[in-house]
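Taking it in order: structure first as structure tokens, then the write-up.
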Amino acid sequence: MPAVGGIPAGGVPGREYPGKLTPFVTVTCIIAAMGGLIFGYDIGISGGVTSMDPFLKKFFPSVYRKKHENSSTNQYCQYDSETLTMFTSSLYLAALLSSIVASTVTRKFGRKLSMLFGGVLFCAGAILNGFAQAVWMLIVGRMLLGFGIGFANQSVPLYLSEMAPYKFRGALNIGFQLSITVGILIANVLNYFFAKIKGGWGWRLSLGGAMVPALIITVGSLVLPDTPNSMIERGKHDEAKEKLIRIRGVEDVEEEFSDLVAASEASQLVEHPWRNLLQRKYRPHLSMAILIPFFQQLTGINVIMFYAPVLFDTIGFGSDAALMSAVITGIVNVGATMVSIYGVDKWGRRFLFLQGGIQMLICQGVVTAAIAAKFGVDGNPGELPKWYAIVVVLFICIYVAGFAWSWGPLGWLVPSEIFPLEIRSAAQSVNVSVNMIFTFIIAQAFLAMLCHMKFGLFLFFAFFVLVMTIFVYFFLPETKGIPIEEMGRVWKTHWYWSRFVSTEDEHPNVQMGMAATEGIKNV
């Protein structure tokens with residue numbers, strides 16, 4: 001049996017396409033990656049706004065009263081409100097629905113159009129939320145934001161994986177996650193300052209400010225070129241070849257181009273990509289499309305990032321301190337994502353997954369102990385010493401760093417690079433849909449879970465971090481440095497997944513490449 005993880009050292013043997021990291025492709029990927037800003041901004045802004053008193057007083061008065069009643073000393077339960085969590089989590093239900101529609105748009109009309117839809121819908125939601133006068137306006141606005149995020153999250157990771165040279169695919173794709181973290185940080189900083197505006201209307205600026213990242217992705221989608229893969233899929237072969245020459249910065253693109261054409265021809269034969277996903281040979285791909293986003297959400301990271309201000313306020317910090325603590329975790333998030341950009345194509349995906357998982361597991365244990373020691377089961381901490389607050393924030397920051405260089409970026413990168421073209425859009429929709437289903441469930445259930453499970457909630461997430469780290473060790477092959485159209489070979493050489501994929505099941509362009517290689521040897 002090969003080493004656990006599934007492929008020989010040095011990666012899968014195969015061809016290497018010529019190409020370099022050109023300024024054109026770098027700028028293109030940076031602009032496209034900014035599609036992550038809308039997702040990140042929303043994650044950061046919603047938690048901060050729900051801790052602002054004027055916002056709670058206007059839309060959720062029962063939560064406001066509970067928060068300020070001296071008789072209620074149970075800190076675990078002060079924000080427990082189904083309506084409040086519906087405000088936050090309705091977005092993810094909408095994103096789930098739109099990601100399914102986005103699959104067809106992305107496949108038939110290109111990645112750019114999906115990105116454009118994402119920006120326009122998100123912008124409409126931001127306007128409605130900024131001018132909201134009633135809870136229904138907030139929730140409809142959130143749903144429009146969700147439709148926008150569903151389109152963007154479906155198309156941007158695919159766009160980046162297809163545009164990037166395979167040797168730099170990891171770093172360029174993680175630009176999407178970097179944009180998410182930058183969006184979270186910007187939102188946290190704005191919340192901190194907008195909360196201080198006299199008159200209590202700062203929350204409107206926080207919610208309406210989502211128009212800015214929405215306009216960035218909208219304008220960006222209009223100026224970006226389409227990917228060669230997408231052009232070939234829609235029959236534009238000559239344009240695709242010209243674009244591939246410009247993207248790779250070399251004239252010799254015949255081998256890569258012929259592989260892309262072969263992949264496209266194979267994908268055209270697939271009439272029902274959704275049904276195709278259920279075939280035995282796609283079992284590894286479907287498993288990863290479901291399990292990676294499932295585990296990503298059950299790290300507990302969205303609990304920290306959605307509700308960081310609420311969480312810090314709940315564990316005894318004042319509102320200002322809570323928002324500032326969220327800013328600190330946002331800075332850590334951005335910095336650690338930079339580490340991933342540097343190391344993903346150098347150290348590999350598996351190393352970062354495993355190291356980050358162990359780091360998060362340790363931190364969750366320490367945070368559980370710290371909260372249990374001071375809050376117990378009744379949620380009344382009494383007077384909290386300063387050193388205690390520092391310890392909690394420190395270990396939450398170390399936890400955030402572990403996520404930000406492992407499961408955060410790799411949860412989007414790995415699924416977007418392992419799917420063959422004929423199922424790529426459908427499989428990416430499964431990936432986004434599973435992500436949004438569990439984001440919705442966690443967002444909707446978190447405050448109630450915190451109220452009932454208390455500090456045990458962190459142990460709940462720690463259990464899943466342990467399970468997913470074991471899963472990566474045994475079942476996830478290394479995909480570093482492998483051309484996206486040759487990715488099928490990682491399953492063929494894996495100790496477990498090879499039983500589902502036979503040589504006949506390999507992608508046609510891979511078989512053609514093997515035949516060509518044999519022909520050269522015989523000359």
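The values are calculated or read from the model by the stated rules, or taken from the named source; none is laboratory data. Treat the numbers as computed from the prediction; the structure is a model and nothing was measured. Don't worry about glycine lacking a Cβ; one is built from the backbone with ideal geometry, like all the others, and counts go over all protein chains shown. Only protein heavy atoms, including side chains, enter the accessible area calculation; ligands, DNA and RNA are left aside. Shrake-Rupley method; radii C 1.70, N 1.55, O 1.52, S 1.80 Å.
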Qualifying residue in the stretch 416-431 (condition: open to solvent by 10 Å² or more (accessible area, probe 1.4 Å), part of a helix (DSSP H, G or I), closer than 21 Å to residue 299 by Cβ and not small (Gly, Ala, Ser)): yes
Residue within the stretch 288-306 that is among the small types (Gly, Ala, Ser), touching a Phe, Trp or Tyr at 6+ places or on another chain (Cβ under 8 Å), more than 18 Å from residue 20 (Cα to Cα) and open to solvent by less than 60 Å² (accessible area, probe 1.4 Å) present: yes
Qualifying residue in the stretch 187-198 (condition: crowded, with 18+ Cβ neighbours inside 10 Å, over 25 Å from the mean Cα position of the chain (by Cα) and of a type outside the set (Phe, Trp, Tyr)): yes
Answer from 96, 128, 145, 178 - the residue that is within 21 Å of residue 220 (Cβ to Cβ) and open to solvent by 10 Å² or more (accessible area, probe 1.4 Å): 178
Meets criteria (open to solvent by less than 10 Å² (accessible area, probe 1.4 Å), under 20 Å from residue 32 (Cα atoms) and in a helix (DSSP H, G or I)) for residue 102: yes
Criterion: at pLDDT 85 or above and part of a helix (DSSP H, G or I) - qualifying residue of 390, 396: 396
Flag if residue 138 is hydrophobic (A, V, I, L, M, F, W, C) and open to solvent by 10 Å² or more (accessible area, probe 1.4 Å): no
Pair list, Cβ under 6 Å, 6 or more apart: the stretch 463-477 residue among the polar types (S, T, N, Q), other residue in a helix (DSSP H, G or I) and open to solvent by less than 60 Å² (accessible area, probe 1.4 Å): 469/357
Neighbours by Cβ (under 9 Å, 6+ apart or cross-chain): first from the stretch 278-291, over 18 Å from residue 495 (Cα atoms); second open to solvent by 30 Å² or more (accessible area, probe 1.4 Å) and charged (D, E, K, R): 279/505
Members of the stretch 354-373 that are within 16 Å of residue 476 (Cβ to Cβ), buried (at least 24 other Cβ atoms within 10 Å of the Cβ) and touching a residue at least 60 places away in the same chain (Cβ under 8 Å): 357
Identity of the residue in the stretch 19-42, hydroxyl-bearing (Ser, Thr, Tyr) and surrounded by 22 or more Cβ atoms within 10 Å (Cβ to Cβ), that ends up farthest from residue 213 (Cα to Cα): 28
Check on residue 344, modelled with pLDDT under 85 and either open to solvent by less than 10 Å² (accessible area, probe 1.4 Å) or not in a helix (DSSP H, G or I) (or both): no
The stretch 265-281, residues that are open to solvent by less than 50 Å² (accessible area, probe 1.4 Å) and not in a helix (DSSP H, G or I): 270, 277
Which numbered condition residue 6 fails, given (1) open to solvent by 40 Å² or more (accessible area, probe 1.4 Å); (2) modelled with pLDDT under 75; (3) in a loop (DSSP other than H, G, I, E, B): (1)
Residue that is modelled with the lowest pLDDT [pool: residues in the stretch 46-57 that are farther than 18 Å from residue 436 by Cβ and not hydroxyl-bearing (Ser, Thr, Tyr)]: 48
The stretch 37-60: number of residues that are of a type outside the set (D, E, K, R) and closer than 21 Å to residue 297 by Cβ: 12
